[in-house]
Amino acid sequence: MHIHYLQHVPFEGLGSMEHWFQQRGYNISATHLYRNEPLPSLDNIDWLIVMGGPMGVSDERQYSWLSEEKAFIHRAIKEDKTLLGVCLGAQLIADVLGAPVTKNPHREIGWFPLTISEKAKNTTIGKALQAGSEAFHWHGDTFAIPAGALPLASSDACKNQGFIYNHRVVGFQFHLETTYQSARDLTTHCADELDGSLYVQSAQEILEKSDRFDQVNQVMSNVLGCLERICTATD
């Protein structure tokens, strides 16, 4: 299988997902959009993963590649590729599917529990998510659930934490792929966002329990296994 991912900033890569794909011998390629790398043909791509970043979905004036990226995501959905969007990636998928992306009432940064929606509890991905008690968060924006999509989860700070569209397109506002090192990178590069507000934890709180990363990374592995089965069953 060929996995391609879109990366928006140097410090938000695949995280724990990279090792999972490597273990299975999958081909991995990337477009580093912050380097203005060109987007590839979709012909040989099985999975597209859209990663996070500090920019917003409407920041085309500052990040000119956003428009082309949205068109690329739209084509991938139309061509029935398996898609996973994480944080900004989920917001971009929602935007492409016609759902509004707006400021969330609260900035949410740190470790907070998810509540899986009743509609998603019996899906394979919903069941995989129930194995974990919390997720890692770093966002200030949120999305509405796209028309035709299944709402996946919520948290106290954010009503819409994820969705499943057409079985094989998944958006996570939260992070399960974050490793200890990638969280350290976030606390360094985005330290100005750690403002001490209601749902924003300090860098110390985020990093003090390293076993949390192992736990969410295992849940991420379970989710990837679900997507793998969905992909191979419908191809």
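Return yes when ALA153 is open to solvent by less than 40 Å² (accessible area, probe 1.4 Å), over 16 Å from the mean Cα position of the chain (by Cα) and either closer than 24 Å to ARG229 by Cα or modelled with pLDDT of 95 or more (or both) and no when it is not.
So ALA153 does not fit the description; no.
Just to check your reading of the model, which residue among ILE93, ILE109, ILE164, ILE116 is in contact with a strand residue (DSSP E or B) (Cβ under 8 Å, 6 or more places away or on another chain), at pLDDT 95 or above and closer than 26 Å to ASN36 by Cβ?
Criteria check complete, one pass: ILE93.
Among the numbered conditions (1) at pLDDT 95 or above; (2) of a type in the set (Gly, Ala, Ser); (3) in contact with a helix residue (DSSP H, G or I) (Cβ under 9 Å, 6 or more places away or on another chain), tell me where GLY148 comes up short.
Going through the list (1) at pLDDT 95 or above; (2) of a type in the set (Gly, Ala, Ser); (3) in contact with a helix residue (DSSP H, G or I) (Cβ under 9 Å, 6 or more places away or on another chain), GLY148 breaks only (3).
Please go through region 52-85 and pick out each residue that is in a loop (DSSP other than H, G, I, E, B), out of contact with any His (no Cβ under 6 Å at 6 or more places or on another chain) and under 15 Å from TYR5 (Cα atoms).
Filtering region 52-85 for residues in a loop (DSSP other than H, G, I, E, B) gives 52-64, 79-81.
From what is left, the residues that are out of contact with any His (no Cβ under 6 Å at 6 or more places or on another chain) are 52, 54-64, 79-81.
Those that are in a loop (DSSP other than H, G, I, E, B), out of contact with any His (no Cβ under 6 Å at 6 or more places or on another chain) and under 15 Å from TYR5 (Cα atoms): GLY52, LYS81.
Listed residues LYS121, LYS127; which is assigned to a loop (DSSP other than H, G, I, E, B), surrounded by fewer than 22 Cβ atoms within 10 Å (Cβ to Cβ) and at pLDDT below 95? Spell out how you get there, then give the answer.
Working: LYS127 fails: assigned to a loop (DSSP other than H, G, I, E, B).
Criteria check complete, one pass: LYS121.
Restricting attention to region 162-192, and to residues there that are within 20 Å of ALA144 (Cβ to Cβ) and either in a helix (DSSP H, G or I) or out of contact with any Ser or Thr (no Cβ under 9 Å at 6 or more places or on another chain) (or both), which single residue is most open to solvent (accessible area, probe 1.4 Å)?
ASN166
Can we say LEU48 is open to solvent by less than 10 Å² (accessible area, probe 1.4 Å) and assigned to a strand (DSSP E or B)? Spell out the reasoning first.
Numbers: open to solvent by less than 10 Å² (accessible area, probe 1.4 Å): yes; assigned to a strand (DSSP E or B): yes.
Taking the combined requirement at face value, the residue satisfies it.
Kindly establish whether ALA149 is of a type in the set (Gly, Ala, Ser), farther than 27 Å from VAL200 by Cβ and in contact with a Cys (Cβ under 7 Å, 6 or more places away or on another chain).
No; evaluated as a whole, the condition is false for this residue.
Checking the condition among the small types (Gly, Ala, Ser), open to solvent by 20 Å² or more (accessible area, probe 1.4 Å) and under 17 Å from VAL219 (Cβ atoms), which residue from GLY98, GLY132, GLY148 passes?
On inspection, the qualifying residue turns out to be GLY132.
Kindly list the number of the only condition in (1) more than 18 Å from ILE73 (Cβ to Cβ); (2) open to solvent by less than 60 Å² (accessible area, probe 1.4 Å) that fails for THR115.
(2)
What number goes with the only condition from (1) surrounded by 15 or more Cβ atoms within 10 Å (Cβ to Cβ); (2) assigned to a loop (DSSP other than H, G, I, E, B) that ASP195 does not pass?
It is condition (1) that ASP195 fails.
Looking only at region 14-45, which residues are open to solvent by 50 Å² or more (accessible area, probe 1.4 Å), more than 23 Å from ASN217 (Cβ to Cβ) and either outside any helix (DSSP H, G or I) or touching a helix residue (DSSP H, G or I) at 6+ places or on another chain (Cβ under 8 Å) (or both)?
Answer for region 14-45, where residues must be open to solvent by 50 Å² or more (accessible area, probe 1.4 Å), more than 23 Å from ASN217 (Cβ to Cβ) and either outside any helix (DSSP H, G or I) or touching a helix residue (DSSP H, G or I) at 6+ places or on another chain (Cβ under 8 Å) (or both): ASN36, GLU37, PRO38, SER41, ASP43, ASN44.
The values are calculated or read from the model by the stated rules, or taken from the named source; none is laboratory data. Computed from a prediction, not measured in an experiment: that's the story for all the values here. In this analysis, Cβ positions are derived from the backbone assuming ideal geometry, glycine residues included, and neighbour counts consider all displayed protein chains. What goes into the accessible areas is simple: the full protein's heavy atoms, side chains included, and nothing from ligands, DNA or RNA. Shrake-Rupley method; radii C 1.70, N 1.55, O 1.52, S 1.80 Å.
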